[in-house]
């Protein structure tokens, strides 16, 4: 390993089998409703410090530990994204009591040092979405946030994480907004990240997460064509058995989320209109951004025509 030996020694495999294998649940008739929500929680960095512009995405290990302990004490059963998608075909009969999905985006080194020991303490699994182009380096895409030097996981650490039972999914190669790229560039991001993870970890990579939650219909189709069986977006609401497997809804867990707020979210008692408000804000931002991208493409084409005629 490139860093010092594991801070938590030998970690036993998670209690819930990952890697997209079927979860065999015990009977739980009181939860067999297709209307019952399935929360997918999203974290990013698990650390104690951050630059102001990135701070909302950094959850302290102490707060993260409180969240995981609450889930454990309340009888929630964490499963991976691929387990969830695989089990949906059989309805609630294939899901455990009180299912919850824990996802962690980007692949920062603090997942290995801070998050994994907490998950292992309770025998929990999760799905880790990795930006493959920065493995073994730093988060260079966060230059504007002042976080370009945040350490990323190494391949050795990812291998140990995967062996524990954490599902490792793809989060593109360089973390761009896929809806702003040409189809050729988007294809490279989607296919390359999958190929690298599979080559290094020696197992199939089935799940994908759109950077910033942004995608288009062609991008969604490309993710499916690449061989993924699921993809996560961001819609600030719980998922369900009827969700599009390539646009799974997730909650972003803010840095200052207290256990009481987490409990309300898990129970579906989020502030009235939050999901709708966030959806409108995202839609407006995507429309504005797509317009700017369209203008940029027109300018590039004009420049190319000018260069050709010169």
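Miscellaneous remarks
- Single match in 214, 175, 171, 225 (criterion: assigned by TED's automatic domain parsing to the domain that holds residue 56, touching a strand residue (DSSP E or B) at 6+ places or on another chain (Cβ under 9 Å) and closer than 16 Å to residue 247 by Cβ): 171
- Some residue of the stretch 48-67 being buried (at least 24 other Cβ atoms within 10 Å of the Cβ), under 16 Å from residue 164 (Cα atoms) and over 14 Å from the mean Cα position of the chain (by Cα): no
- Test: residue in the stretch 178-185 that is at negative phi and not in a helix (DSSP H, G or I): yes
- Residues that are part of a helix (DSSP H, G or I) and under 18 Å from the mean Cα position of the chain (by Cα), drawn from the stretch 223-261: 223, 224
- Residue in the stretch 110-124 that is in the same structural domain as residue 234 (by TED's automatic domain parsing), surrounded by fewer than 17 Cβ atoms within 10 Å (Cβ to Cβ) and more than 24 Å from residue 263 (Cα to Cα) present: no
- Scanning the stretch 52-79 for residues that are assigned to a loop (DSSP other than H, G, I, E, B) and out of contact with any strand residue (DSSP E or B) (no Cβ under 9 Å at 6 or more places or on another chain) gives 52, 53, 74, 75.
- If only residues of the stretch 125-164 that are under 16 Å from the mean Cα position of the chain (by Cα) and within 20 Å of residue 84 (Cα to Cα) are counted, the one that is surrounded by the fewest Cβ atoms within 10 Å (Cβ to Cβ) is 162.
To keep it simple, each residue is scored yes or no on (1) touching a helix residue (DSSP H, G or I) at 6+ places or on another chain (Cβ under 8 Å); (2) more than 23 Å from residue 90 (Cβ to Cβ); (3) modelled with pLDDT of 95 or more.
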{"residue": "182", "(1), (2), (3)": "no, yes, yes"}
{"residue": "204", "(1), (2), (3)": "yes, no, yes"}
{"residue": "219", "(1), (2), (3)": "yes, yes, yes"}
{"residue": "237", "(1), (2), (3)": "yes, yes, no"}
{"residue": "259", "(1), (2), (3)": "yes, yes, yes"}
{"residue": "262", "(1), (2), (3)": "yes, yes, yes"}
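- Of all residues in the stretch 80-109 being out of contact with any helix residue (DSSP H, G or I) (no Cβ under 8 Å at 6 or more places or on another chain) and assigned to a strand (DSSP E or B), the one that is surrounded by the fewest Cβ atoms within 10 Å (Cβ to Cβ): 106
- The set of residues in the stretch 142-177 being assigned to a loop (DSSP other than H, G, I, E, B), in contact with a helix residue (DSSP H, G or I) (Cβ under 7 Å, 6 or more places away or on another chain) and touching a residue at least 60 places away in the same chain (Cβ under 8 Å) consists of 150, 171, 175, 177.
- Test set (1) crowded, with 19+ Cβ neighbours inside 10 Å; (2) modelled with pLDDT under 95 - residue 273 fails condition number: (1)
The values are calculated or read from the model by the stated rules, or taken from the named source; none is laboratory data. As the structure is a computational prediction, the values presented were derived from the model and not from experiment. Every residue, glycine as well, gets a Cβ built from its backbone with ideal geometry; the counts of neighbours run over all protein chains shown.
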